[in-house]
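The values are calculated or read from the model by the stated rules, or taken from the named source; none is laboratory data. Keep in mind that what you see is a predicted model, and the values were worked out from it rather than measured. When we count neighbours, we look across all protein chains shown, and the Cβ atoms used for this are built from the backbone with ideal geometry, even at glycine.
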Amino acid sequence: MKTLIKNKDLEFMSAPEIIFCLFLLTPSFQGQAGTFVGNGGSPGDVELAIAKKHLDRTFKEFQEYDKHGPSLCTCAPEAKNRPMCSPLADLTLEQRSLCGRILFEKAGAMRRWVSPEAPLEVRWTREPIEVKENGVLRAVDAVMSRTTTEQGEGGRLTLNADRFLQMKPQERLFLLTHEFFHLEDWDGRPLVDEGPIGVFEGAEGGRKLINALAAAAVMEFYQSRIDTQFRQSLQRSQAYKPMWFDLQYESLQNGQSRPSTFGAGTTNPVQLQFRGYLISGVWGSLGLAAAFRFSNRSSNVLSSVDVRENIQQYGIGLSYKVNPFSDPTTGLGQSHFVSTVRYELGKSALRINDSSTGTEDSTDFGGFRAEMSYYFPFDWGFWLYVGGSYQQFNYSFTKVNLKYDKEQLGFFGGISYGF
Ligand SMILES: [Zn+2]
């Protein structure tokens, strides 16, 4: 279904599939791709934000260079023989000079494209992106097209989300550098893949130049140690994940309006929950939750009577997840709120023993339980959370005159994994 045509200029990429792109003056494919807008709630939003920061820092280096000659488009000695060098390997001195000049002169423009104010529209798609070039269909990872906006010339970048997530940071930098150069002109002509540009001659001249510019950016990325920056943001757990496991420990009030001899004080239920989100939008995500809870109460009456109550509950309900913060590259920006309401069925078993005799009883019950939690990210999908709960389950043990008839408030903390 997805066919890739390998291009000689791009064989240095280490990804299993090779990055392609195409400059389109007419956004003809726009209608067929299932697109959605990225705002921190979509896969790839964090990776794109970091790739833009990497691009900004890399071109800041180019801007600050006082030497801006052919040396910018030369393979770094430590990177020799590495595949990323190949777009730079066989350039003539004239080609290196032009490449270096463009990097230096366009550095400010490239930084403007990745600034928050840039007239740039980003679209994510899960569909394979295919474009027609010279009558041949190509699968691509990204497409940049020029747009006209109120702020002037703008760009529309469409990215394949799955492919973008699989890439390494340097591959994303290469892809973005290539794509953003398509929004720039040189010698009064748009920088396009097809056809010659200056000393980059031939039908593939433009692509060779743009790939050299992108490879030079990757060199700078390593040499200025920009690759070590924002690593933490890329490892941090991301809130958009659709499936979650929660394990929590709670301190829960006693649900008795009148304390009885056999009721204990607070209990500490342990809960395991699964949440799966089915629909999401800018308003948040809505899904289903299923949970299992258990707790043990024990107390001593008159120092010789041992009272134990064992409670097990199963619940199913709805869960709503919302992220009110704006910057997805920060821990605060990934933190979010979850509210869940479940209907639960439970069983309680009571056992009372003293030195000579004992009695047992058990009962079933049902009711609603609501939880509100705040999640804060760790790395690699793990989270910490805290929250509060409200529940009311009415049941009683007639044999021993023990009655639960009051709402209960609880406070809990837990660890979570989202994937
Ligand atoms: Zn291109």
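Scan region 227-253 residue by residue and report those that are more than 22 Å from residue 376 (Cβ to Cβ) and surrounded by 16 or more Cβ atoms within 10 Å (Cβ to Cβ). Steps first, please.
Step one: filter region 227-253 for residues more than 22 Å from residue 376 (Cβ to Cβ), giving 227-229, 252-253.
Result: 227, 252, 253.
Applying the selection to region 228-239, what residues are part of a helix (DSSP H, G or I), over 29 Å from residue 412 (Cβ atoms) and under 18 Å from the mean Cα position of the chain (by Cα)? Please lay out each step first, then the result.
As a first pass, look at region 228-239 and keep what is part of a helix (DSSP H, G or I): 228, 231-235.
Within this subset, residues satisfying the condition of being over 29 Å from residue 412 (Cβ atoms) are 228, 231, 234.
Of everything in region 228-239, those that are part of a helix (DSSP H, G or I), over 29 Å from residue 412 (Cβ atoms) and under 18 Å from the mean Cα position of the chain (by Cα) turn out to be 231, 234.
Condition (residue is closer than 26 Å to residue 65 by Cβ and in contact with a Ser or Thr (Cβ under 7 Å, 6 or more places away or on another chain)) applied to region 146-158: is it met by at least one residue?
Scanning region 146-158, I find at least one residue that is closer than 26 Å to residue 65 by Cβ and in contact with a Ser or Thr (Cβ under 7 Å, 6 or more places away or on another chain), so the answer is yes.
Among what's in region 178-210 and is β-branched (Val, Ile, Thr) and part of a loop (DSSP other than H, G, I, E, B), pick the residue that is nearest to the ligand (Cβ to nearest atom).
192
Report yes if some residue within region 138-146 is farther than 17 Å from residue 208 by Cα, more than 13 Å from the ligand (Cβ to nearest atom), in the same structural domain as residue 62 (by TED's automatic domain parsing) and touching a residue at least 24 places away in the same chain (Cβ under 8 Å); otherwise report no.
Checking region 138-146: at least one residue is farther than 17 Å from residue 208 by Cα, more than 13 Å from the ligand (Cβ to nearest atom), in the same structural domain as residue 62 (by TED's automatic domain parsing) and touching a residue at least 24 places away in the same chain (Cβ under 8 Å).
The rows are residues; the columns are (1) under 32 Å from the mean Cα position of the chain (by Cα); (2) acidic (Asp, Glu).
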residue	(1), (2)
194	no, yes
206	no, no
212	yes, no
215	yes, no
226	yes, no
241	yes, no
245	yes, no
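Residue 298 - would you say it is surrounded by fewer than 20 Cβ atoms within 10 Å (Cβ to Cβ), assigned by TED's automatic domain parsing to the domain that holds residue 381, closer than 27 Å to residue 400 by Cβ and touching a Lys or Arg at 6+ places or on another chain (Cβ under 8 Å)?
Judged against the criteria, residue 298 is a match.
I need the full set of residues from region 126-145 which are surrounded by 17 or more Cβ atoms within 10 Å (Cβ to Cβ) and in contact with a Gly (Cβ under 9 Å, 6 or more places away or on another chain), in order please.
144, 145
Within region 375-419, which strands (runs of 3 or more DSSP E) (wholly inside it) include 1 or more residues that are assigned by TED's automatic domain parsing to the domain that holds residue 320 and at pLDDT 95 or above?
In region 375-419, 382-391, 408-418 are the strands (runs of 3 or more DSSP E) which contain 1 or more residues that are assigned by TED's automatic domain parsing to the domain that holds residue 320 and at pLDDT 95 or above.
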